[in-house]
Amino acid sequence: MSEFWLISVPLDKASSQSLEKLKRAAAKAGLGSSFRFHIPELKVGTLDVLLGVADDLSRLDSYTEGIMRKTSQCMAEVMEQSSDKVIENALANGALDISVDLATYVTKFQWDRAKYPTALSLKTLTEIISKQVSQVEIELKSRSTAYNDMKAKLHGLEQKKEGSLQTRTLTGIVKKEDLVLNSEYLTTLLVVVPRVNNSLWENTYESMSEFVVPRSSRKLLEEEDAGIFTVTLFKKAVSEFKANANKLKFTVREFNLEEAEKQRQEMSRLIADKKEQYGTFVRWLKVNFSEVFVAWIHIKALRVFTESVLRYGLPVSFQTLLLQPEKKHAKRLREELNSLFRDLDPTAAASKPDMGVDIPGVNAGQQEYYSYICYSINISLLDSS
């Protein structure tokens, strides 16, 4: 299961015994796994500051998770690969700068003191993370817009090469040597001839105008339903030839060699650009996905610390445990938790934030209010629920 529960209870004898009982019961009944999750002691500040930080962290939690999922979604779209491949590339930069999978990072969490110094206040740490994530969001928008614009242009050119000979671009089909160029009097037309009418074309094209050059028609391409033929004639006869060709269901295509060459060069440039930008963008996505994910887990730690101080008081005295419930036993594990820690707040038995339990800075961002502190960490990149 890709969901974890980060819980906090007071650091007292009764709660410690209940935690040990919980771990034994969970292991024995296969309800889930438990892991140590160490949160360093941080600078508390005043009650007003704590309440403000709790609200800020609640909003930052949701915002950061959203940016993390946008980044992973963008990675999936850019890499154009299966979900499994994206998960293989969505890693977190853990201790000693070693990239690990997301579950390993969470279960072996270590506070990054270099990035988030514990000497700084909770408010400052929150601001640092907020600024960091905002910068990733701004750059993600900029980079994805540029990459998608380039992809759209390339796709547009590629689409022009699709479809029937009646409508699609003739770039790559018609070459310079197929045309009469730089002549004062002569020009070459390109005509789409239905395949069933090839013989009709050969027998009639010279008679569509007295100014057609005899035996000048060549077949450039033949497909299942039609082919492209050239014909050379005097420029002054173009209108007459087009009118007669149209009567026999032959289509004269407009073609400009210079425009076709520009289109060919543009496509070559876009293909090269996509290849170059792909590598750069994927590397950026990997690095910044890791940055945002790491920031998000630190936010969870900050929220647990802040709420533990608000709920359990000073001096700072709480203990944390990370649980990974087995999917089919999540309900039983929750019932076990509620039973073991009911005495911490008997009124929380079935209370929810919208049922009158109003603790400033405590309930924000939690779906349900428990007698213990609990935050969910869903690391699934396929389902944000």
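The values are calculated or read from the model by the stated rules, or taken from the named source; none is laboratory data. Just so we're clear, the structure is a prediction, and the values are computed from it rather than from any experiment. Glycine gets a Cβ as well: all are built from the backbone with ideal geometry, and neighbour counts include every protein chain shown. To get the accessible areas, we keep the full protein, side chains included, count just its heavy atoms, and leave off ligands, DNA and RNA. Shrake-Rupley method; radii C 1.70, N 1.55, O 1.52, S 1.80 Å.
Computed quantities for the displayed model
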{"read-out": "Among the candidates 317, 268, 308, residue that is touching a residue at least 60 places away in the same chain (Cβ under 8 Å) and out of contact with any helix residue (DSSP H, G or I) (no Cβ under 9 Å at 6 or more places or on another chain)", "value": "308"}
{"read-out": "Subset of region 214-262 [among the hydroxyl-bearing types (Ser, Thr, Tyr) and open to solvent by less than 50 Å² (accessible area, probe 1.4 Å)]", "value": "216, 217, 230, 232, 251"}
{"read-out": "Residues located in region 271-303, provided they are β-branched (Val, Ile, Thr) and surrounded by fewer than 20 Cβ atoms within 10 Å (Cβ to Cβ)", "value": "271, 280, 282, 287"}
{"read-out": "Test: residue in region 186-201 that is among the hydroxyl-bearing types (Ser, Thr, Tyr), assigned to a helix (DSSP H, G or I), open to solvent by less than 50 Å² (accessible area, probe 1.4 Å) and at pLDDT 95 or above", "value": "no"}
{"read-out": "Residue count for region 235-260, restricted to those that are aromatic (Phe, Trp, Tyr) and within 13 Å of residue 207 (Cβ to Cβ)", "value": "2"}
{"read-out": "Looking only at region 219-274, and only at residues there that are basic (Lys, Arg) and within 30 Å of residue 147 (Cα to Cα), the one that is farthest from the chain's Cα centre (by Cα)", "value": "262"}
{"read-out": "Entirely in region 44-122, the helices (runs of 4 or more DSSP H) that have 3 or more residues that are under 24 Å from the mean Cα position of the chain (by Cα) and not aliphatic (A, V, I, L, M)", "value": "47-79, 83-89"}
{"read-out": "Sole residue being open to solvent by less than 30 Å² (accessible area, probe 1.4 Å) and either touching a Cys at 6+ places or on another chain (Cβ under 6 Å) or modelled with pLDDT of 85 or more (or both), chosen from 325, 315", "value": "325"}
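The rows are residues; the columns are (1) buried (at least 16 other Cβ atoms within 10 Å of the Cβ); (2) modelled with pLDDT of 90 or more; (3) touching an Asp or Glu at 6+ places or on another chain (Cβ under 8 Å).
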position	(1), (2), (3)
122	yes, yes, no
130	yes, yes, yes
144	yes, yes, no
157	yes, no, yes
173	yes, no, no
